[in-house]
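Enquirer: Below you'll find the structure I mean.
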Amino acid sequence: MAQSEMATAKVIVIGGGPAGLMAAGQAALHGADTLLLEKMPRLGMKLCITGKGRCNLTNTCEVAEFIGHFGKNGRFLRQAFARFFNNDLLDFLTELGLKIVKERGGRVFPASGKAPEVQQLLRLWCKKCGVKIESSAPVTKLLITDNQVTGVVSKGRTISCERIILATGGASYPATGSTGDGYPLAESAGHTTIPIRQGLVPLETAGKEAGRMAELNLRNIKVRMFVDNKKKKEAFGEVVFTPFGLTGPTILTLSGDAVDYLRAGHRVELALDLKPALDGRKLEARLLRDIDSRGKEEITSFLRGLIPRQMIPVCLDHTKIPTERRVCDISAKERKALRGWLKDLRFNVTGYRPFSEAIITAGGINTKEIDPKTMESKKTKGLFIAGELLDIQADTGGFNLQAAFSTGWLAGRNAAGPSSQ
């Protein structure tokens, strides 16, 4: 894209992801001369891979439940969600011509199932609103005089402005441009960064069991997380085995807490309940019933009625039931071991994958230093911060993308108007 010839702008937006695109469009829509600077060759590269390339736009749950998915920092988003929430986002995107579909768990996607469609719509909307866009234009410095932003340095030149919206994203998926550049920029303006770490990230486990079942995808699984042998949290849904450990929506939901506990030196275990619909007594009754009706079969044949074929060797190794054992010859001790394995398949979590495999970044700019009504900095006048840079993060389901859009919307509108400070 051709470089802008502008040497000044009222509002400069740094970062062309979901928060930056929304902020730039809103600022321009409300009369501000707006310049969007994106360091990558294309806008919204990370947006194009969200939701496994399908773009989980938001979630339809009510605001109280929505905020609950962000944990203790969720209350910071109340003001932003009061102004621009899920229905507002869907109305906005629908007016731009996007067809949407609502799926289980309140998840909302483009009907096409293609995230680049959202990126393209937002880019065209920004241009229609009058946003001037420069790609391949990294910002290396914020210019601040008397505690007020005055401009930025990009590609060796100074661009003057009255307001800056910092929306560079976190440090996850660095190949898309999210390399943590915004943290030192914010710190140069007086902000503090809550230590960043991987969020929504696959977990590594000890031993070879997960690797033996690699690529196996299980649905409707209950997963309990134990920390130093004490149950801390549980989740229900999909689990995927990998050569290094575990992933899938349920594991990703638990991963944020797992990472924090591991970083603090605690022992973390995950216990998979493969038969969550049956308590121990009902599972025992089913096993006895099946053993009675299928007693002449070998154990491997019997197990195919209980678990996927790929899990059978692992099950037999753990329960120590001989492969050639006939079902009618299974001892009470072996049956108890099988029942325990089905209800409590344990994995010792030894680590987590790098930022290149993390969906989001946990930690970030301290929200206590940001006005939640405007997204303006309490440290430097005219500086607004939005999106994943902030210390707000949720589990999977469309929550994080909505937060990016909502904080970007609020920052853009307030940057366009009189300073709130």
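Enquirer: Hey, can you tell me all the residues within segment 264-308 that are closer than 24 Å to Phe347 by Cα and either part of a strand (DSSP E or B) or aromatic (Phe, Trp, Tyr) (or both)?
Expert: Residues satisfying the conditions are Val268, Glu269, Leu270, Ala271, Leu272, Asp273.
Enquirer: What about Ala80, is it touching a Pro at 6+ places or on another chain (Cβ under 8 Å), at pLDDT 95 or above and in the same structural domain as Ala394 (by TED's automatic domain parsing)? So that I can check it myself, show each step before the final result.
Expert: Details: touching a Pro at 6+ places or on another chain (Cβ under 8 Å): yes; at pLDDT 95 or above: yes; in the same structural domain as Ala394 (by TED's automatic domain parsing): yes.
So Ala80 fits the description; yes.
Enquirer: Mind checking which residues of segment 112-152 are of a type in the set (Lys, Arg) and either assigned to a loop (DSSP other than H, G, I, E, B) or touching a Cys at 6+ places or on another chain (Cβ under 6 Å) (or both)?
Expert: Lys114
Enquirer: Take the conditions farther than 30 Å from Glu357 by Cβ, under 37 Å from the mean Cα position of the chain (by Cα), surrounded by fewer than 19 Cβ atoms within 10 Å (Cβ to Cβ) and not hydroxyl-bearing (Ser, Thr, Tyr) and apply them to Ala277. Does it pass?
Expert: yes
Enquirer: Which of the residues spanning segment 225-259 are of a type in the set (D, E, K, R) and more than 26 Å from Thr361 (Cβ to Cβ)?
Expert: Once the filter is applied, which keeps residues that are of a type in the set (D, E, K, R) and more than 26 Å from Thr361 (Cβ to Cβ), segment 225-259 yields Asp228, Lys230, Lys231.
Enquirer: Now for a different question. Regarding Phe405, is this residue within 13 Å of the chain's Cα centre (by Cα), buried (at least 23 other Cβ atoms within 10 Å of the Cβ) and of a type in the set (Phe, Trp, Tyr)?
Expert: no
Enquirer: Could you list, in sequence order, the residues of segment 299-345 that are more than 22 Å from Glu215 (Cβ to Cβ) and either in contact with a Lys or Arg (Cβ under 6 Å, 6 or more places away or on another chain) or among the hydroxyl-bearing types (Ser, Thr, Tyr) (or both)?
Expert: Ile299, Ser301, Phe302, Thr319, Thr323, Val327, Ser331
Enquirer: Just to check your reading of the model, which residue among Thr407, Thr367 is in contact with an Asp or Glu (Cβ under 6 Å, 6 or more places away or on another chain) and either touching a residue at least 24 places away in the same chain (Cβ under 8 Å) or among the hydrophobic types (A, V, I, L, M, F, W, C) (or both)? Walk me through it before giving the result.
Expert: Values: Thr407 fails: in contact with an Asp or Glu (Cβ under 6 Å, 6 or more places away or on another chain).
Going through Thr407, Thr367 in turn, the sole match is Thr367.
Enquirer: OK, next. Where the second residue is of a type in the set (Asp, Glu) and the first is at positive phi and lies in segment 6-20, which pairs have Cβ atoms under 9 Å and are six or more apart or on separate chains?
Expert: Sorted first by the residue in segment 6-20, then by its partner, the pairs are Gly15/Glu38; Gly15/Asp181.
Enquirer: Moving to a separate point now. Residues that are surrounded by fewer than 19 Cβ atoms within 10 Å (Cβ to Cβ) and either over 24 Å from the mean Cα position of the chain (by Cα) or not small (Gly, Ala, Ser) (or both): find the helices (runs of 4 or more DSSP H) completely inside segment 1-102 holding 3 or more of those.
Expert: Counting at least 3 such residues, we get 78-83, 86-95.
Enquirer: Identify all residues within segment 171-188 that are of a type in the set (Gly, Ala, Ser) and crowded, with 21+ Cβ neighbours inside 10 Å; write none if there are none.
Expert: Those that are of a type in the set (Gly, Ala, Ser) and crowded, with 21+ Cβ neighbours inside 10 Å: Ala171, Ser172, Gly177, Ser178, Gly182, Ala186.
Enquirer: Ok, one more. Given the residues Gly199, Gly211, Gly177, which is the only one that is of a type outside the set (Val, Ile, Thr) and modelled with pLDDT of 95 or more?
Expert: When all the criteria are applied, what remains is Gly211.
Enquirer: Please state which one of Gly177, Gly190 is within 22 Å of Phe355 (Cβ to Cβ) and of a type in the set (Gly, Ala, Ser).
Expert: Testing whether each residue is within 22 Å of Phe355 (Cβ to Cβ) and of a type in the set (Gly, Ala, Ser) leaves just Gly177.
Enquirer: While we're on this one: So Arg335 passes all but one of these: (1) under 23 Å from the mean Cα position of the chain (by Cα); (2) of a type outside the set (A, V, I, L, M, F, W, C); (3) more than 21 Å from His69 (Cα to Cα). Which condition number does it fail?
Expert: With (1) under 23 Å from the mean Cα position of the chain (by Cα); (2) of a type outside the set (A, V, I, L, M, F, W, C); (3) more than 21 Å from His69 (Cα to Cα) applied to Arg335, the lone miss is (1).
Enquirer: Quick one: is Glu95 of a type in the set (D, E, K, R), at pLDDT 95 or above and within 24 Å of Thr361 (Cβ to Cβ)?
Expert: No, not satisfied.
Enquirer: Select from segment 329-358 the residues that are closer than 17 Å to Glu298 by Cα and out of contact with any helix residue (DSSP H, G or I) (no Cβ under 7 Å at 6 or more places or on another chain) and list them in ascending order.
Expert: Scanning segment 329-358 gives Asp329, Ser331, Ala332.
Enquirer: Take the conditions closer than 25 Å to Ile12 by Cβ, of a type in the set (Lys, Arg) and crowded, with 16+ Cβ neighbours inside 10 Å and apply them to Lys379. Does it pass?
Expert: So Lys379 fits the description; yes.
Enquirer: Let me ask something else about it. So which residues in segment 283-319 are of a type in the set (Lys, Arg) and either under 21 Å from Asn217 (Cβ atoms) or at pLDDT 95 or above (or both), if there are any at all?
Expert: Arg304, Arg309
Enquirer: Would you kindly identify the helices (runs of 4 or more DSSP H) lying entirely within segment 309-421 that contain at least 1 residues that are in the same structural domain as Gly17 (by TED's automatic domain parsing)?
Expert: 399-416
Enquirer: Does Gly207 satisfy the criteria of being at positive phi and in contact (Cβ under 8 Å) with a residue 40 or more places away in the chain?
Expert: It is true that Gly207 is at positive phi and in contact (Cβ under 8 Å) with a residue 40 or more places away in the chain.
Enquirer: Of all residues in segment 320-331, count the ones that are within 24 Å of Ala277 (Cβ to Cβ) and either surrounded by fewer than 17 Cβ atoms within 10 Å (Cβ to Cβ) or out of contact with any Asp or Glu (no Cβ under 6 Å at 6 or more places or on another chain) (or both).
Expert: Step one: of segment 320-331, the residues within 24 Å of Ala277 (Cβ to Cβ) are 321, 327, 330.
Filter once more, keeping what is either surrounded by fewer than 17 Cβ atoms within 10 Å (Cβ to Cβ) or out of contact with any Asp or Glu (no Cβ under 6 Å at 6 or more places or on another chain) (or both): 330.
Total satisfying the criteria: 1.
Enquirer: When you look at Gly351, is it buried (at least 24 other Cβ atoms within 10 Å of the Cβ), modelled with pLDDT of 95 or more and not aliphatic (A, V, I, L, M), yes or no? Break it down into steps so the answer makes sense when it comes.
Expert: Working: buried (at least 24 other Cβ atoms within 10 Å of the Cβ): no; modelled with pLDDT of 95 or more: yes; not aliphatic (A, V, I, L, M): yes.
Taking the combined requirement at face value, the residue does not satisfy it.
The values are calculated or read from the model by the stated rules, or taken from the named source; none is laboratory data. All figures in this text were calculated on a predicted structure; none of them were measured in a lab. Every residue, glycine among them, receives a Cβ derived from its backbone with ideal geometry; neighbour counts consider all protein chains shown.
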